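S.K.: One structure coming up, written as structure tokens, with questions to follow.
The values are calculated or read from the model by the stated rules, or taken from the named source; none is laboratory data. It should be emphasised that the depicted structure is a prediction, and the values quoted were computed from it without experimental measurement. FYI the Cβ positions are ideal-geometry reconstructions off the backbone, even for glycines, and counts take in every protein chain you see. All accessible areas refer to the heavy atoms of the entire protein, side chains included, with ligands and DNA or RNA removed. Shrake-Rupley method; radii C 1.70, N 1.55, O 1.52, S 1.80 Å.
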Amino acid sequence: MITLNRLIPLTHDDFFERSDYDRLAERFPAPAVRRAASPEDIAGLNVGRHIDYLGTFLQFIDLDCGSQGYCLTLQITDETGHMQALLWTSSEDRAREVIEQIGDGKEAIVSGAVYEWLLSSGDKRMNIREIDFGRAIPEVVESPISGVIHTIMQIVPAFERVPQPYSGLAVDCIERNWDELLVGVDTESVRHRYHGGILDHLRAVLKVLQFMWNSSGLDSAMVELIKKYQTTLVDEKGTRGYYPISIDHLHQIFTKSRQALEDHSKSTDYLAVSLAAVMIEVGKLSSRVRVRVMESLAYAMRRMVDELVLSQEDADRVLHLVSRGFGNVETARTSDELALYMANYVASAVG
């Protein structure tokens with residue numbers, strides 16, 4: 001399965017000292033991991049494994065009606081990681097009863113089978129046979145530093161290296177909404193549709209934007225991404241695997257971006273685009289948060305324009321991108337919009 005790190009290899013900036021971890025762990029604290037006591041852990045589950053007793057922390061994500069009945073999409077979590085899990089019920093009443101029992105999250109013992117989803121992706125998922133809340137013995141376990149703190153380490157230090165006011169606006173927005181981002185579900189994404197998925201999606205979007213930023217131009221960055229992706233379509237044995245990005249769509253974005261650069265004769269402002277990406281992702285938390293983010297950003301930028309910290313053109317550029325969201329390739333007109341769309345598309349597929 002292609003991953004973003006295979007498409008865009010790790011750089012020196014992806015690795016940090018322990019002192020950096022400690023500094024950011026204090027500012028962006030990871031919550032203690034709760035789960036039911038268990039002899040098993042999620043990291044140790046292999047595809048094809050049938051398990052009778054896994055202690056976990058259970059969270060609800062979604063409810064769908066399918067041909068086999070009602071399907072609950074859940075997330076199981078312990079200190080070693082998390083995994084999506086499906087529970088099928090014969091009636092909506094039973095599904096609603098389980099949702100009510102789970103509430104905002106609850107320790108439980110689950111049993112079921114682990115399988116691969118999507119095929120050839122290497123990602124694991126569980127079909128839950130049974131959930132037992134009664135036998136669960138709650139415990140709090142140490143959260144590994146490589147989890148949520150590793151995610152924020154890929155976001156904040158990169159912004160700390162860029163000029164103000166973009167740096168401060170982005171990091172302050174993440175900090176103000178930190179508690180909600182830790183559990184926020186990216187419902188617009190298949191790959192990041194789990195608690196904490198908004199943060200992971202943001203990390204992936206920013207990684208693609210950073211790659212573009214380090215290139216000589218938007219068009220050359222897109223060409224390089226397309227070439228890198230084409231080399232992954234067939235492995236060293238000549239076998240095609242499951243790869244979710246459409247090469248035709250990548251070419252379509254590239255063509256649109258070239259046209260935008262010719263029509264508007266403005267280079268892409270990666271500072272504006274990166275700041276907009278943060279605001280858009282935080283706005284996914286809820287309509288209430290989205291309105292608050294937009295109002296707060298507009299107020300801050302108006303003040304900065306008045307104080308001659310930022311030009312009106314730069315402020316309008318950011319506000320336009322945030323109001324448009326990730327948009328779509330058909331309606332995008334500027335190179336900024338297309339860079340943001342490209343980053344979101346790649347992050348959604350392989351981030």
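S.K.: Ala43 to Leu308: FRET efficiency via 1/(1 + (r/R0)^6), r the Cβ-Cβ distance, R0 56 Å, to the nearest 0.05?
M.R.: 0.60
S.K.: Please work out the average accessible area per residue across segment 42-132, using the 1.4 Å probe convention, and give it in Å².
M.R.: On a per-residue basis, segment 42-132 sits at 47 Å².
S.K.: Going highest first, how would you order 154-167, 302-315, 187-200, 266-279 by mean Cβ packing within 10 Å?
M.R.: Answer by packing, highest mean first, reads 266-279, 187-200, 154-167, 302-315.
S.K.: Any idea what the dipole of the chain comes to, in debye rounded to 20, about its Cα centre with Lys/Arg Cβ at +1 and Asp/Glu Cβ at -1?
M.R.: 540
S.K.: Have a look at His320, Gln230, Phe28 and report the one farthest towards the positive end of the charge dipole of the chain, computed about the Cα centre with Cβ charges (Lys/Arg +1, Asp/Glu -1).
M.R.: Gln230
S.K.: Let me ask something else. So which GluC sites (Glu not before Pro) in segment 1-99 are both in a DSSP loop and have at most 12 other Cβ atoms within 10 Å of their Cβ?
M.R.: Those satisfying the criteria are Glu17.
S.K.: Give me the angle, in degrees from 0 to 90, between the Cα long axis of helix 197-213 and the longest principal axis of the Cα atoms of the chain, rounded to the nearest 10.
M.R.: So the inclination is approximately 30 degrees.
S.K.: Right, here's the next one. How about segment 55-136: which chymotrypsin sites (Phe, Trp or Tyr not before Pro) there are in a DSSP loop, with at most 16 other Cβ atoms within 10 Å of their Cβ?
M.R.: Hits after loop and neighbour filter: Trp117, Phe133.
S.K.: Sort segment 42-132 into rounded, prolate or oblate with this rule: let a ≥ b ≥ c be the square roots of the eigenvalues of the Cα gyration tensor; rounded if a/c is under 1.5, and if a/c is not under 1.5, prolate when a/b is larger than b/c, oblate otherwise.
M.R.: It is oblate, given that a/c is not under 1.5 and a/b is not larger than b/c.
S.K.: Roll a 1.4 angstrom probe over the protein heavy atoms and tell me the percent of accessible area of the chain that is carbon or sulfur.
M.R.: Carbon with sulfur: 50 percent of the solvent-accessible area.
S.K.: A further question on this structure: Rounding to the nearest 10 and keeping the result within 0 to 90°, find how far the Cα-based axis of helix 247-264 lies from the longest principal axis of the chain.
M.R.: Helix 247-264 sits at roughly 30 degrees to that axis.
S.K.: First obtain the Kirkwood hydrodynamic radius of the chain from its Cα pairs, then insert it into the Stokes-Einstein equation at 25 °C and 0.890 mPa s, and state the resulting D in µm² per second as a whole number.
M.R.: 112
S.K.: Right, another one. Between Ser111 and Ser287, 0.36 nm times their residue separation minus their Cα-Cα distance comes to what?
M.R.: Here the answer is 59.8 nm.
S.K.: Please give the contour-minus-distance gain from Tyr21 to Ser91: 0.36 nm per residue of separation, less the Cα-Cα distance, rounded to one decimal in nm.
M.R.: Answer, rounded to one decimal: 20.5 nm.
S.K.: Under the rule of at least 5 residues apart or a separate chain, name every residue whose amide H is placed under 5 Å from the amide H of Val185.
M.R.: Gly196
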